[in-house]
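Below: the structure, in structure tokens.
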Amino acid sequence: MNLAGRIRHYVKRHLWIQVGVVLAISLLTITLCYQYYMKDEYAKYLYEKNLLMETNVLDTMKKNMEYAISEYINLGSKIAIDGDVYQLADDLFVKQENLASNALKLKYSFSALSSLAGNVLNLSLVSEDGTVYQYDRMLRGVTSMWSMEDRAFLKTMYTQVYETANANSVPRYMVSAYPALHPTTSERVFHIFYPLVGNEISFD
């Protein structure tokens, strides 16, 4: 009888060896299943942790964004009901008197108001026909945020803002991402449009 035959014969005659082999195989199987289970559970744990971390980051970003935007909304609201700005708008667009002087007054007024929100790059006053008077903090030479090429867009926004206001829609302002870059610095910008009411109680 060769060695392999003798081993088989020995194993058959000793029951504890068979039981030990079965136990060893069972233990190995259980260990492999447990490892697979733990690997799967750990992957789930990492996924949940990552999801929780991303959610916290997004919540923080949202709060920071809301805080930053509130600065612009508060400034825009202040300008929308400013009596002096309203009077200058009337002088520039309705009466059309002392245009150069009133345009300069408006620029000084906007310059002072812009200091209330450090990240505001441009404050503008737009008429129904798209004429715009503006104070641009980033002005270099003759390049500013709004040009004649934007006149059609400004007319459209003017119409939409007052239609929204007269329909009693809330909020009163409108936001646009066009154009998305400031022409002087190529800095990313967005725009908030308000109906100008001054001391009036109507949006007409």
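The values are calculated or read from the model by the stated rules, or taken from the named source; none is laboratory data. Treat the numbers as computed from the prediction; the structure is a model and nothing was measured. Methodologically, a virtual Cβ is constructed for each residue, glycine included, from the backbone with ideal geometry; neighbour enumeration extends over all protein chains shown. Note: accessible area is taken over every heavy atom of the protein model, side chains too, but ligands, DNA and RNA are not part of it. Shrake-Rupley method; radii C 1.70, N 1.55, O 1.52, S 1.80 Å.
From the list Gly198, Gly118, pick out the single residue that is loosely packed, with under 13 Cβ neighbours inside 10 Å, under 25 Å from Glu71 (Cβ atoms) and either touching a helix residue (DSSP H, G or I) at 6+ places or on another chain (Cβ under 9 Å) or modelled with pLDDT of 95 or more (or both).
Details: Gly198 fails: loosely packed, with under 13 Cβ neighbours inside 10 Å.
The conditions single out Gly118.
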The correct count of residues that are more than 17 Å from the chain's Cα centre (by Cα) and loosely packed, with under 14 Cβ neighbours inside 10 Å in segment 176-195 is 2
For Val94, only one of the following conditions fails: (1) on the phi < 0 side of the Ramachandran plot; (2) surrounded by 10 or more Cβ atoms within 10 Å (Cβ to Cβ). What is its number? (2)
Selection from segment 146-179 of residues that are out of contact with any strand residue (DSSP E or B) (no Cβ under 6 Å at 6 or more places or on another chain) and assigned to a loop (DSSP other than H, G, I, E, B): Ser147, Ala167, Asn168, Ser169, Val170, Pro171, Arg172, Ala177, Tyr178, Pro179
From the list Ala167, Ala117, exactly one residue is closer than 15 Å to Ile79 by Cβ and of a type in the set (A, V, I, L, M). Which is it? Ala117
In segment 50-95, what count of residues is obtained for those that are without any contact (Cβ under 8 Å) to a residue 60 or more places away in the chain and of a type in the set (Gly, Ala, Ser)? 2
Which members of segment 137-163 meet the condition of being free of Cβ contacts under 8 Å to residues at least 24 places away in the same chain and open to solvent by less than 60 Å² (accessible area, probe 1.4 Å)? none
